[in-house]
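The values are calculated or read from the model by the stated rules, or taken from the named source; none is laboratory data. Because the structure is a prediction, the values reported are computed rather than measured. Positions of Cβ are backbone-derived with ideal geometry, glycine not excepted, and every protein chain shown enters the neighbour counts. When the accessible area is computed, the model is the full protein with side chains, heavy atoms only, and any ligands, DNA or RNA have been set aside. Shrake-Rupley method; radii C 1.70, N 1.55, O 1.52, S 1.80 Å.
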Amino acid sequence: MSEILLQIDGKEVKAKEGMTILEAARSAGISIPTLCHHEKLEPFGGCRLCIVEVEDRGWTKLVVSCVYPAEENLVVRTRSDKVDRIRKMIIELLMAHAPDAFELQDLAKEYGADRDRFEKEASFCIHCGLCVRYCAEVKKKNAVGFVGRGTKKEISFIPEIASKECWDCKECFPLCPTEALQAAYVLTKALFSSRSSS
Amino acid sequence: MPRINSPAELEEFRQGILSKRDPNKPCITLCSGSACHATGSGDVADSLEKEIEKQGLSGEVDIRRTGCHGYCERGPIIVTHPEEISYFQIQPEDVPEILSETIKKKKVVERLLYTDPGTKEKIVHESEIPFYKHQERLVFGSNGSIDPKSIDDYLAIDGYSALAKALCGMTDEQVLEEVKKSNLRGRGGGGFPAGRKWEGSRNDPEPIKYVIVNADEGDPGAYMDRSLLEGNPHSILEGLTLGAYAIGSHEGYIYVRQEYPLAVENVLLAIKTAEEYGFLGKNILGSGFDFIVKVHQGAGAFVCGESTALMTALEGRVGEPRPKYTRSNIKGLWEKPTVLNNVETWANVPLIINKGADWFRQYGTEGSKGTKIFSLVGKIVNTGLVEVPMGTPLKDIIYKIGGGIPGGRKFKAVQTGGPSGGCIPEELLDLEVGFDELTKAGSMMGSGGMIVLDEDTCMVDVARYFIEFLTDESCGKCVPCREGLRQMLKILTNITEGKGREGDIELLEELSETAKEGALCALGKSAPNPFLSTLRYFRDEYEAHIKDQTCPALSCRDLISFYIDPAKCKACMICARKCPAKAIDGGKSKIHIVDQDKCTKCGTCFEVCPPRFGAVTKISGEPVPSPIPEEERIIKKRKKNE
Amino acid sequence: MDNDRIDQIVDKHQAEASSLIQVMLEIQSENNWLPKEALERVSERLEVPLARILHIATFYKAFSLVPKGRHGIHICVGTACHVRGATRILDTVQELTGIQPGETDLDLKFSLETVNCLGCCALGPVMEIDGKTHGKMTTAETADVINNYE
């Protein structure tokens, strides 16, 4: 595989062909915040936290580094006024759902985000998709999935499959940034068993 | 029906059809598009068939049920040929007279003609009516002359001659060059040069390529693609086949929304008959080129109109858009090079190939060539589908063709580009329509929806409406769109309910930046446009809502009160009887008063108060006047001697 | 809906996973809703995870996972109808039927949906019941129209 030379935050970085900007940055010890990224899973591009500025043939644009491929001579800036503003807003929007999530609290400190900027929402889920994707791509059980769309989108355990598979697995529970995933599982289990026993 | 195997056979067959058609034989075309169907054109058709037999005219006059004519405000529409006499708002009861007077005696039925609202002049011929006169109906015009279920009708107007010319007389590269030269830009929203998109796919080494017709037409208020697909499906098939030839694709898809059952029906029939005649399938017209087309129905998701989401839906998944870092004309459907274009874009292609890029370029402006079909709807006298050359001033479309605002109300703005677009105010009405001109003004061309708004429309509510639409239609994958729009909707709803706060506008602007820069796809990136454009031109309305809890347009329910002016009320009891909340107190000769506590602000009283009284008024931003004393409520009858 | 009929529909589309949405549209159209058993059968035949099918069934508006009422009321809330007062029509229908968009009443008489454009903007505001279009609606007329349905 051929080597690609790009510039990240003023630093020369050597990347392998096929790497994303995020992978290239991490290989050079440059950190970019992420929420929905996981080495074992396909890039999702949902949280947009890893957004960076790239300069390509004179044009500056914002792209998500977990998906955008590392290209020869690309100039990348992982921090800027605009990038920081957008990351701050993303954190504040997510904290309306999960204000106590440790990852979000750390990010809030870093970016000066206000956890109470928005009124609290009923649902804890921040839609990072880690549970759904892990169960689909790694365990290949599809016991938990997304339902709905837009502002009504939610995650949902499929009772028939979850009741068989989940208790012996539970590998997705620690992945959840909000730590509320297991509550969702327990609730589903309770509803399903009460239904099937009646 | 034997297959047509060469251009020569096609010409022979075409001449065969034409020779059997007498241009002087009376023919009645009846608009049978979905909208006219909803106003009863089906019943008119039944009546025509019965009456023709009854009056002994069987075999003497043809009936042709065509697609949409475009003048939807005045449907159902009948045009008699060869005289081209146009009759509007036809009911089954009108049919006997049309047959006995116009067909038999060649006399015009005056009461069914178009009447000019200003001069009161009656106009007989379609082409002289202002609505049609100022249009240039290159693409849409054929709708009025063909039955979409008849491939022979399409052949009679030169259909599939472009395909014959291209497959058997031009190389694929020449076809591509002609489309490039024409500078045809996508008619679906993006306005991307079609030729350049095609070239990218053509040059890719991957042998399997796809072409797609995007007939998901999701912009509310836009229905030109529907009318084209319903009314002239073969023109789209021909265009699609030409595109497939140019890029080297052998498989095409038509993605049509299931909310358009007539379009689905007509396009499936068109594909079947095209296959029978040999215009689709193997070795088309003996050229050696193979091409098949499949129809895939949408299942009710606006986001599937976005090209990458559409491709994901074609693959049998939820319509979540993909990042466009690698363009879909290189990696699209099943990761293969895919050319996706809008219905109207494809419909232009046969014309360009037949008449040449130079012919096409004489229409339009430098940056936007050709014509565009707009759906002119909302607060407008002549609602309908309008095709004009690019560069036509907006005010001509709205006033000359559209007939202005009904009810004598004042124009306020025209919303273009659907939920991704913006509002153009009165001071910019001289703007000449074109892709770049509309974008510069803070809106965009979009698919061509043109919604006219008047003084009774609240612009804050317009922004709220579009954001609400998008919160439902967003796929929900990315934070800036799902969460950003969620919060924008809350804030805008609060503003329309009088709960707006200082800092709301600034927060909305911040959320807009996050969506524009951070969202995954064009839906999210353009979602803030309606808000930003209404803020740009109508900031005073936002401030009135927030600072003064007033709705200047007297529209937002929580900010208005209905008040009956005692000086004008004639105690006719109409509003009191119709009020669903029984909130109006009054009696015969007793001036009516609205009980503000019971009033649900439904607006019925405002609707039904006779115009000659006009006693019901709307108030905003000030307290409702106290009710007049009981004694003054009695309307005394004037004695004859007073 | 029995498994034989579902198998017929699946086979018509060559049991291709990419035809999943088309298969579901046919079942929805024939059965008026998508029972879980039907979806489990489709999952088996097309070899597609049930989670994906449920996401599709809840993502696209054409599908319903619960039985629908005898009469489907569709109120157009497209932009053209909106500026001509569709919201008032919707409010009135909600009051008359007691249900919100997306719901079905307890007698399974009415199901209410909002639609984002029926394409007859000249007739706005538009209400469609059982496929019949009622155009140029006013709040005053709405009660009369709704009360006509059994």
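Determine the total buried accessible area between chain C and chain B, counting protein heavy atoms only with a 1.4 Å probe; round to the nearest 100 Å².
Details: alone 8490 and 27330 Å², together 32240 Å².
So the buried area, both faces added, is about 3600 Å².
Over chain B, what is the relative contact order in percent, taking alpha-carbon pairs closer than 8 angstrom and at least six residues apart? Can you show the working numbers first?
Numbers: 1301 pairs, mean separation 70.3, N = 642.
For chain B, the relative contact order is 11 percent.
Which value, in Å², gives the accessible area per residue of the range B:393-444 when a 1.4 Å probe is used on the protein heavy atoms?
Details: 1900 Å² over 52 residues.
Using a 1.4 Å probe on heavy atoms only, each residue of the range B:393-444 averages 37 Å².
Please get the size of the charge dipole for the range B:459-547, origin at its Cα centre, with Cβ charges of +1 on Lys and Arg and -1 on Asp and Glu, quoted in debye to the nearest 20. Show your work: numbers first, answer last.
Details: 12 positive and 16 negative charges, 43 e Å.
Result for the range B:459-547 is approximately 200 debye, rounded to the nearest 20.
Which entries of B:Lys490/B:Lys618; B:Lys294/B:Lys525; A:Lys164/B:Lys336; B:Lys637/C:Lys136; B:Lys107/B:Lys149 show an alpha-carbon separation above 29 angstrom in the structure shown?
Numbers: B:Lys490/B:Lys618 26 Å; B:Lys294/B:Lys525 31 Å; A:Lys164/B:Lys336 39 Å; B:Lys637/C:Lys136 38 Å; B:Lys107/B:Lys149 31 Å.
Long pairs (Cα-Cα over 29 Å): B:Lys294/B:Lys525; A:Lys164/B:Lys336; B:Lys637/C:Lys136; B:Lys107/B:Lys149.
Of A:His38, B:Cys605, B:Thr326, which is farthest along the charge dipole of the protein assembly as shown in the positive direction, counting Lys and Arg as +1 and Asp and Glu as -1 at C-beta?
Working it through, the farthest residue towards the positive pole turns out to be B:Cys605.
With solvent modelled as a 1.4 Å probe, how much accessible area in total do chains C and A shield from it at their shared surface, in Å² to the nearest 100?
On the way: alone 8490 and 11490 Å², together 19140 Å².
Accessible area lost upon association: around 800 Å².
List the residues of the range C:44-66 whose accessible area drops by at least 20 Å² when all protein chains are present, compared with their chain alone, using a 1.4 Å probe and counting only protein heavy atoms.
C:Pro49, C:Leu50, C:Ala51, C:Arg52, C:Leu54, C:His55, C:Ile56, C:Thr58, C:Phe59, C:Tyr60, C:Lys61, C:Ala62
Highest GNM mean-square fluctuation, chain A, Cα pairs closer than 10 Å: which of A:Gly45, A:Gly145, A:Gly29?
In this elastic network of chain A, the residue with the biggest mean-square fluctuation among A:Gly45, A:Gly145, A:Gly29 is A:Gly29.
At 1.4 Å probe size, with every protein chain present, just tell me what the per residue accessible area of the range B:1-56 comes to in Å². Kindly include the intermediate steps, with their values, before the conclusion.
Working: 3020 Å² over 56 residues.
Ligands and nucleic acids excluded, the result is 54 Å² per residue.
Using a/c under 1.5 as the rounded threshold, could you call the range B:195-281 rounded, prolate or oblate? The axes a ≥ b ≥ c are square roots of the C-alpha gyration tensor eigenvalues, and prolate needs a/b larger than b/c, oblate otherwise. Present the calculation step by step, with values, prior to reporting the outcome.
Values: a/c = 2.45, a/b = 1.41, b/c = 1.74.
The shape class here is oblate.
Could you look at chain B and say what percent of its accessible area is carbon and sulfur, using a 1.4 Å probe and all protein chains? Intermediate results must be reported in sequence, preceding the final value.
Details: 12040 of 24290 Å².
Summing carbon and sulfur atoms, their accessible area is 50 percent of the total for chain B.
When only Cα pairs under 8 Å and 6 or more residues apart are kept, what is the percent relative contact order across chain A?
On the way: 308 pairs, mean separation 31.4, N = 198.
Relative contact order of chain A: 16 percent.
Residue farthest toward the positive end of the dipole of chain B, with Cβ of Lys/Arg at +1 and Asp/Glu at -1: which of B:Pro26, B:Leu489, B:Gly434?
B:Leu489
Report, ordered by chain and residue number, the aspartates and glutamates lying within cross-link reach of B:Lys272, taken as a straight Cα distance under 16 Å and ignoring same-chain residues fewer than 8 apart.
B:Asp147, B:Asp152, B:Asp153, B:Glu230, B:Glu238, B:Glu251, B:Asp290
Average partner chain C-beta neighbours within 10 Å, per residue of B:597-606? Write out the running numbers ahead of the final one.
Working: counts 0, 0, 0, 4, 2, 8, 8, 6, 2, 1.
Whole-number average of other-chain Cβ neighbours for B:597-606 is 3.
By DSSP, what percent of the beta bridges with both residues in the protein assembly as shown are antiparallel, rounded to the nearest 5?
Details: 65 of 99 bridges.
Expressed as a percentage, antiparallel bridges in the protein assembly as shown total about 65.
How crowded by other chains is B:209-221, given as the mean number of beta carbons from other chains within 10 Å of each beta carbon?
3
Report B:Tyr399's accessible area, 1.4 Å probe, all protein chains in place, as a number in Å² to the nearest 10.
100
What Kirkwood hydrodynamic radius do you get for chain C when you take the inverse of the mean 1/r over all pairs of distinct Cα atoms, in Å? Intermediate values should be presented prior to the final figure.
Details: mean 1/r = 0.0597 Å⁻¹.
When all Cα pairs of chain C are included, the Kirkwood radius is 16.7 Å.
Which value, in debye to the nearest 20, gives the size of the charge dipole of chain B about its Cα centre, when Lys and Arg are +1 and Asp and Glu are -1 at the Cβ? Write down the numbers at each step before the final one.
Details: 81 positive and 93 negative charges, 281 e Å.
My answer is approximately 1360 debye.
Put +1 on the Cβ of each Lys and Arg and -1 on the Cβ of each Asp and Glu in chain B; which of B:Gly286, B:Tyr465, B:Pro393 then has its Cα farthest toward the positive end of the dipole?
Going by the Cα projections, it comes out as B:Tyr465.
Which semi-axes, in whole Å and largest first, does the equivalent ellipsoid of chain B have when worked out from the alpha carbon gyration tensor as the square roots of 5 times its eigenvalues?
Working: eigenvalues 450, 245, 73 Å².
They are 47, 35, 19 Å, listed from largest to smallest.
What are the residues of the range C:101-121 that lose 40 Å² or more of accessible area, with a 1.4 Å probe, going from their chain alone to all protein chains?
Flagged in the range C:101-121: C:Asn116, C:Cys117, C:Gly119, C:Cys121.
To the nearest 20 Debye, how big is the dipole of the range A:53-178 about its Cα centre, given +1 on the beta carbon of each Lys and Arg and -1 on that of each Asp and Glu?
Numbers: 21 positive and 22 negative charges, 59 e Å.
So the magnitude is around 280 debye.
Using DSSP loop states and a limit of at most 10 other Cβ atoms within 10 Å to flag trypsin sites (Lys or Arg not before Pro), what is the longest stretch of chain A containing no flagged site?
Values: sites that count: A:Lys40, A:Arg57, A:Lys140.
So the longest stretch without any such site is A:58-139.
Give the residue list of trypsin sites (Lys or Arg not before Pro) in the range B:83-113 that are DSSP loop and have at most 14 other beta-carbon atoms within 10 angstrom. Working shown, then result.
On the way: sites: B:Lys104, B:Lys105, B:Lys106, B:Lys107, B:Arg111; in loops: B:Lys106, B:Lys107.
Sites meeting the loop and neighbour criteria: B:Lys106, B:Lys107.
Could you tell me which trypsin sites (Lys or Arg not before Pro) in the range B:409-443 are loop residues by DSSP with no more than 16 other beta carbons within 10 angstrom of their beta carbon?
On the way: sites: B:Arg409, B:Lys410, B:Lys412, B:Lys440; in loops: B:Arg409, B:Lys410.
Sparse-neighbourhood loop trypsin sites (Lys or Arg not before Pro): B:Arg409, B:Lys410.
Using a probe radius of 1.4 Å on protein heavy atoms only, what is the accessible area buried between chains A and B, both sides summed, to the nearest 100 Å²? The partial results should precede the final answer.
On the way: alone 11490 and 27330 Å², together 36020 Å².
Counting protein atoms only, the buried area is about 2800 Å².
Across the Cα atoms of the protein assembly as shown, what radius of gyration and what greatest pairwise Cα-Cα distance (Dmax) are found, in Å?
30.0, 108
Give the percent of DSSP beta bridges with both residues in chain C that are antiparallel, rounded to the nearest 5.
On the way: 7 of 13 bridges.
Counting only bridges with both partners in chain C, antiparallel ones make up about 55 percent.
Could you pull the Rg and Dmax for the range B:106-247, using just the Cα atoms, both in Å?
Rg, Dmax (Cα atoms, Å): 19.5, 65.
Find the accessible area per residue for the range B:263-309; the probe is 1.4 Å, ligands and nucleic acids are left out, and the unit is Å².
Details: 1500 Å² over 47 residues.
Spelled out: the 1.4 Å probe surface of the range B:263-309, per residue, equals 32 Å².
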